[in-house]
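Inspection log for the structure reproduced underneath, given as structure tokens.
The values are calculated or read from the model by the stated rules, or taken from the named source; none is laboratory data. Remember, predicted model here, so these are calculated numbers, not experimental data. Using ideal geometry, Cβ is built from the backbone for each residue, glycine included, and neighbour counts are taken over all protein chains shown. Quick note on the areas: whole protein, heavy atoms, side chains included, nothing else; ligands and nucleic acids left out. Shrake-Rupley method; radii C 1.70, N 1.55, O 1.52, S 1.80 Å.
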Amino acid sequence: MSHAATDPATTAPSTSHDDRGNQVYVAPGWKLTWLRFKKHRLALVFLWLIGLITIVATIPAFFATMDPDDSRAARAFRPPQVIRIVHDGTLTLPFVYAAESARNPRTLKLEWTVDRETRLPVRMFVKGFEYELFGFIPVDRHFVGIPPAYEGSTVHFLGTDRLGRDQWSRLMFGTQTSLSIGLVAVAISTLLGILLGGISGYYGGLVDNVIQRIIEILQSLPPIPIWLALSAALPRTWSVTTVYFAITVILALLGWTRLAREVRGRFLSLREEDFVSAARLVGASKMRIIFSHMVPSFMSHIIAAVTLAIPLMILNETFLSFLGLGMRPPAISWGVMLQEAQNLQSVVNAPWLMIPGLFVILTVLALNIIGDGLRDAADPYAN
Amino acid sequence: MNEDRGDVVLSVRNLKTHFPTDDGVVKAVDGVTFDLHQGEVLGVVGESGCGKSITMKSVMQLVGKPGRIVDGQILFKRNRDGTNTEEVDIAKLRTNGKKIREIRGGDIALIPQEPMASFSPLHSIGSQIVEAVMLHQDVSKQEAKRIAIEKLNEVGMPSAEQRFDAYSWQLSGGLRQRAIIALALACNPSILIADEPTTAIDVTTQAQILELLKRLQREHGSSILFITHDLGVIAQLADHVVVMYLGRVMEQGAVSDVFTHPRHPYTRALLASIPSLHSEPRIELPTVAGGIPHPLQRPNGCPFHPRCPDAIPGTCDVAMPKLLDVEQSKVACFLHHDEAEEADA
Amino acid sequence: MHLFILKRLLIAPFLLAIFSVIAFVLIQAPPGDFLTSYIAELAQGGTSIGQEQIEALRQQYGLDRPTYVQYFVWVGNLLQGDLGTSFEWRRSNAELIGERLALTLTMTTISLIFTWAIAIPAGIISAVRQYSGIDYVITVLNYIGLATPNFLLALLIMWFAFDQFGVTVTGLFSPEYVAAPWSLARVADMMSRIWLPALVLAVAGTAEVARVVRANLLDELDRPYTEMARAKGLPEWRLVLKYPTRVAIAPVISTLGWYIPRLLSGGLVVSVVMSLPTIGPLLLRSLIGQDMYLAGTIILLYSVLTIVGTLLSDILLALLDPRIRTA
């Protein structure tokens, strides 16, 4: 530090002390956000979880153990089979016990008993039903399952439903539908939100007034009845894919208002910021001001808001499908699966039918925590 | 030091208020010592971030989390009824305990920085003054209201009785500041702590408010701790001055002496940066070189040495000079003595 | 104050008009003429309908005239207190809705009370004791509350109560009171059951409101007026409740406007799962059965309740905040 003492006027004290600090000072906004986000341990853990769920949603067939539509009455309401590694007190490779069903002569109900003698080995990357990866690569390997040698036996980690379909496999495919509906609906409403919110916030005046009134009216509508009414209006004859897109659009149509408000608020406050005035004074064009000055400075906020909007969409799809007005069978989504657990009797009969609900909770929870972490990290004035 | 000053009412000894954070401990106040005498105005100056506000908050035990008084004493001569005096060490009192709550508002009152934000927008100013009166005095509601209106009159609030029911956002900046002063005076405190009370208002109103404070101080004989970064205000109002830098006292003494004979290089630099009526026109004003270092990277030795034009290599960057009597003032600088503080705990 | 409320009151009919258009669009949304599909359905079931009757219905709804005329006929009927007739139930819509309205409102109100009674104290404790154990517990519960669809929560509770205690918690009345006429005992019976669905319904909102209260209060606790109150010598809890909390809960009250529609929507699903005789299942059934005039009327009713809720929150807000009162 002796040089500082000899020439104090030219040496800023911070340079020699704080190299890491200086990197922080010059980092772009998104990098700062990421640095702050990384400190939020819980959010980071859930980010990994969402990554995992996304992989499942991309290639559900790889994770499924059998065809999700394969139904057999003899397999109905089979309880979940636990993967075990201890048999008769000795450690072995993972396996499940087989189970036998018998019809109760009095109630005529199918009753399952675990057969503690027969073991079915559970292995990774086993051969199973054929499917096409990404729609064109034929594959028959699966993440887990029982080896082909035990043909005729099936494994159901999460039990089976009323028609004897494997819940685990259905859950994998349902993840794809539910997650993608959430994403696409949010993408549409984000576009609408940024566009209308941006116009509203940047131009102000009459345009702003009209858009704000529309948002207010949309926001004061009771959402679920409107969704229900719109979904009920979809013709019964439409194909699964058409319904899928229709539902997505319906969800997005009422979902963009929150984001538009957020974007407008940011635009309004940024318009008054010095750096925007400075850009205007040096003669930057409107487009340049919006896209290279204003948008980057609220991008983190938008990402956070979008992350928080996805779980809402997922919950809404689940609601609609659960009530029978969203996705319709044979489509598989979390909501469609939960339809099987619609009344007390079926739940008491087969509590495992509620398991897809736990996945909904976990996914929504994870996305909410990540979104909150991002939002806190995006605020430059926090701490 | 000159002996014609009144009794010491508040004595701050080696006060340390630290803020433990995830990245390290911020030593906002790190060994501050000064005395406030009966009936005097003590000015505390320094750049923003020098710890002057935290020092004042410590005196009222108002330091917010995670800040904590870690060492030192704040000896306050408490004298409610005019007969028996008790000495209280505020630094040892429990935050928000019963004792400190009696002292706050009752014996030591705060005149805050932002009068606008210091009144709740949802309650009338009158009700907020009445509340303070009733907290510390055993009076009826009517009596409290009478006192509140009396105080509003005293601070020169026009048509005080109508303004009693007004909300802070219905008043102008100057009137708000007057209302806040009325609130501070509500229980006749012996010490007023004014935390940059004039920064948020325009210059004309500022002069009026300073005039008001001077008058009130004369009339009540109360002591005022006046915090500011404005040396001009100190010159107008204060009897004594404490110059702070990075949580430490650099120099202190009578205003007349310190301003005419600044001894610490920091005080000199501060005074040199004020434009003077007598200086040449169009000269470049000197500024204090460099900026305040990051709070987590305090320099070793004298905290001012990296910016000090007279720093002595091998001395100033190694040890912290003690605050010692030099002629009529006290100075912490190796240019004036060579006594260092013992290695810090 | 009066001027402010008057202004709000004047906006209401305007909003109502817009909502009626939206409801009518929804009535018209299903493909085909509802009367035709209704007749077809009846014919399928073996019943036939007289030509005069069809004509009467056609006249009543003005189906032979252009769409906008149909709208005005519908609104005109509504304004005269004629809510139309349900095809499916063969009863007047007013009757069908009326007998369920009281229950719906009771459940919504209880739910709202639960929400505020739990969320506001939880938010306050969470903010005042930021980063303490109780703050973490409340935060975790909030996240779970936000993530759990209320129908799933209802299912879980129903299953748990039945599996563990053999109790059936569905329905709003014990068997002996289901068909009984209203009496004090019947009301008591309903109250002993309605709190559970109301609580289930309140969970998500409670989580959200508690988060809002916490965030707002954390902001307000840093404001100079809070410190000033402390500098006056006020005890901590008293000052927190008197000053920053009052500012922090104002936005919560202003959320009534959207929270009431949310409660009504959520109530629909909870009612379906727990078989409660509220308006929700009626709407669902009318939508699935394409009994569109009944559905449209219910949606319009929801909108009216929303407008009432917004008005209520505006009045409450004005009472709480003098800045709005005098504006």
Does region B:208-237 hold any residues that are open to solvent by 30 Å² or more (accessible area, probe 1.4 Å) and of a type outside the set (A, V, I, L, M), and which are they?
B:GLN208, B:GLU211, B:LYS214, B:ARG215, B:ARG218, B:GLU219, B:HIS220, B:HIS229, B:ASP230, B:GLY232, B:GLN236
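Listed here are the residues, each with its yes/no results for (1) open to solvent by 10 Å² or more (accessible area, probe 1.4 Å); (2) touching a Leu at 6+ places or on another chain (Cβ under 6 Å); (3) closer than 21 Å to B:GLY291 by Cβ.
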residue	(1), (2), (3)
B:ASP7	yes, no, no
B:ALA28	yes, no, yes
B:VAL32	no, yes, no
B:LEU36	no, yes, no
B:GLY39	yes, no, no
B:GLY46	no, no, yes
B:ILE54	yes, no, yes
B:VAL59	no, no, no
Among the listed residues B:LYS141, B:LYS151, identify the single one that is modelled with pLDDT of 90 or more and under 25 Å from C:THR245 (Cα atoms).
B:LYS141
If you go through region A:334-342 one residue at a time, do you hit one that is farther than 20 Å from C:ALA161 by Cβ and without any contact (Cβ under 8 Å) to a residue 60 or more places away in the chain?
yes
Looking at region C:288-297, is at least one residue at pLDDT 85 or above and facing another protein chain (nearest Cβ under 10 Å)?
yes
Quick test for you: out of C:GLN130, C:GLN164, pick the one residue that is out of contact with any helix residue (DSSP H, G or I) (no Cβ under 7 Å at 6 or more places or on another chain) and within 14 Å of chain A (Cβ to nearest Cβ).
C:GLN164
Please tell me if C:ILE307 is closer than 23 Å to C:PRO197 by Cβ, within 11 Å of chain A (Cβ to nearest Cβ) and not small (Gly, Ala, Ser).
no
Qualifying positions in region A:329-344 - within 13 Å of chain C (Cβ to nearest Cβ) and open to solvent by 20 Å² or more (accessible area, probe 1.4 Å)
A:GLN339, A:GLU340, A:GLN342, A:ASN343, A:LEU344
Considering only region B:81-101, how many residues are surrounded by fewer than 16 Cβ atoms within 10 Å (Cβ to Cβ) and more than 13 Å from chain C (Cβ to nearest Cβ)?
9
Of the residues in region A:345-360, those that are surrounded by 19 or more Cβ atoms within 10 Å (Cβ to Cβ), facing another protein chain (nearest Cβ under 7 Å) and at pLDDT 90 or above number 2
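Take the residues in region B:161-171 that are in contact (Cβ under 8 Å) with a residue 12 or more places away in the chain and of a type outside the set (D, E, K, R); name whichever of them is surrounded by the fewest Cβ atoms within 10 Å (Cβ to Cβ).
Among those that are in contact (Cβ under 8 Å) with a residue 12 or more places away in the chain and of a type outside the set (D, E, K, R), it is B:TRP169.
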I'd like the residue in region B:37-57 that is part of a loop (DSSP other than H, G, I, E, B) and among the polar types (S, T, N, Q) and, out of all such residues, is farthest from the chain's Cα centre (by Cα).
B:GLN38
Odd one out for A:ILE53 among (1) farther than 30 Å from A:LEU374 by Cα; (2) open to solvent by less than 30 Å² (accessible area, probe 1.4 Å):
(1)
I'd like to know if region B:193-207 contains one or more residues that are open to solvent by 30 Å² or more (accessible area, probe 1.4 Å) and closer than 23 Å to B:HIS136 by Cα.
no
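Identify all residues within region B:226-261 that are among the β-branched types (Val, Ile, Thr), more than 24 Å from B:ASP30 (Cα to Cα) and under 14 Å from the mean Cα position of the chain (by Cα); write none if there are none. Give the derivation first.
If we filter region B:226-261 for residues that are among the β-branched types (Val, Ile, Thr), which is where we start, we get B:227-228, B:233-234, B:241-243, B:249, B:255, B:258, B:260.
Keeping just the survivors that are more than 24 Å from B:ASP30 (Cα to Cα) gives B:233, B:260.
Within region B:226-261, B:VAL233 is the sole residue that qualifies.
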Take the residues in region C:208-236 that are aliphatic (A, V, I, L, M) and buried (at least 24 other Cβ atoms within 10 Å of the Cβ); name whichever of them is nearest to the chain's Cα centre (by Cα).
C:VAL209
Could you please tell me which pairs satisfy a Cβ distance under 6 Å, a separation of 6+ or placement on different chains, a first residue in region A:110-131 that is under 12 Å from A:ILE146 (Cβ atoms) and surrounded by fewer than 16 Cβ atoms within 10 Å (Cβ to Cβ), and a second residue that is at pLDDT 80 or above and of a type in the set (Val, Ile, Thr)?
A:MET124/A:VAL144
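Going through region A:296-312 one residue at a time, which ones are open to solvent by less than 10 Å² (accessible area, probe 1.4 Å) and more than 11 Å from chain C (Cβ to nearest Cβ)?
Matches in region A:296-312: A:PHE298, A:ILE302, A:ALA304.
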Of the conditions (1) open to solvent by less than 20 Å² (accessible area, probe 1.4 Å); (2) more than 14 Å from chain C (Cβ to nearest Cβ); (3) part of a helix (DSSP H, G or I), A:GLY373 fails just one. Which one is it?
(2)
Out of A:ALA149, A:ALA99, sole residue that is small (Gly, Ala, Ser), modelled with pLDDT under 85 and in contact with a Phe, Trp or Tyr (Cβ under 8 Å, 6 or more places away or on another chain)
A:ALA99
Let me spell it out: the conditions are (1) open to solvent by 60 Å² or more (accessible area, probe 1.4 Å); (2) of a type in the set (Phe, Trp, Tyr); (3) not in a helix (DSSP H, G or I), and C:PHE173 meets all of them except one. Which number is the exception?
(1)
Residue count, region B:172-188 (criterion: open to solvent by 10 Å² or more (accessible area, probe 1.4 Å), on the phi < 0 side of the Ramachandran plot and in a loop (DSSP other than H, G, I, E, B)):
1
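In the set C:TRP182, C:TRP159, which member is open to solvent by 20 Å² or more (accessible area, probe 1.4 Å) and either more than 10 Å from chain A (Cβ to nearest Cβ) or touching a Phe, Trp or Tyr at 6+ places or on another chain (Cβ under 9 Å) (or both)?
Step by step, each of C:TRP182, C:TRP159 is checked, and only C:TRP182 is open to solvent by 20 Å² or more (accessible area, probe 1.4 Å) and either more than 10 Å from chain A (Cβ to nearest Cβ) or touching a Phe, Trp or Tyr at 6+ places or on another chain (Cβ under 9 Å) (or both).
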Going residue by residue through region C:254-266, is there one that turns out to be away from chain A (no Cβ under 14 Å) and either open to solvent by 40 Å² or more (accessible area, probe 1.4 Å) or β-branched (Val, Ile, Thr) (or both)?
no
Out of all the residues in region A:254-274, which are in a helix (DSSP H, G or I), without any contact (Cβ under 8 Å) to a residue 60 or more places away in the chain and open to solvent by 80 Å² or more (accessible area, probe 1.4 Å)?
A:ASP274
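Here is a check on your reading of the model: is C:LEU276 open to solvent by 10 Å² or more (accessible area, probe 1.4 Å), more than 9 Å from every other protein chain (Cβ to nearest Cβ) and more than 13 Å from the chain's Cα centre (by Cα)? Spell out the reasoning first.
On the way: open to solvent by 10 Å² or more (accessible area, probe 1.4 Å): no; more than 9 Å from every other protein chain (Cβ to nearest Cβ): yes; more than 13 Å from the chain's Cα centre (by Cα): yes.
For C:LEU276, the condition - open to solvent by 10 Å² or more (accessible area, probe 1.4 Å), more than 9 Å from every other protein chain (Cβ to nearest Cβ) and more than 13 Å from the chain's Cα centre (by Cα) - is not met.
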Which one of the conditions (1) under 24 Å from the mean Cα position of the chain (by Cα); (2) among the aromatic types (Phe, Trp, Tyr); (3) not in a helix (DSSP H, G or I) does A:TRP227 fail to meet, given that it meets all the rest?
(3)
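Results for (1) without any contact (Cβ under 8 Å) to a residue 12 or more places away in the chain; (2) open to solvent by 50 Å² or more (accessible area, probe 1.4 Å), shown as yes or no for each residue.
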position	(1), (2)
C:ARG90	yes, yes
C:GLY98	yes, no
C:ALA102	yes, yes
C:TYR143	no, no
C:ASN150	no, no
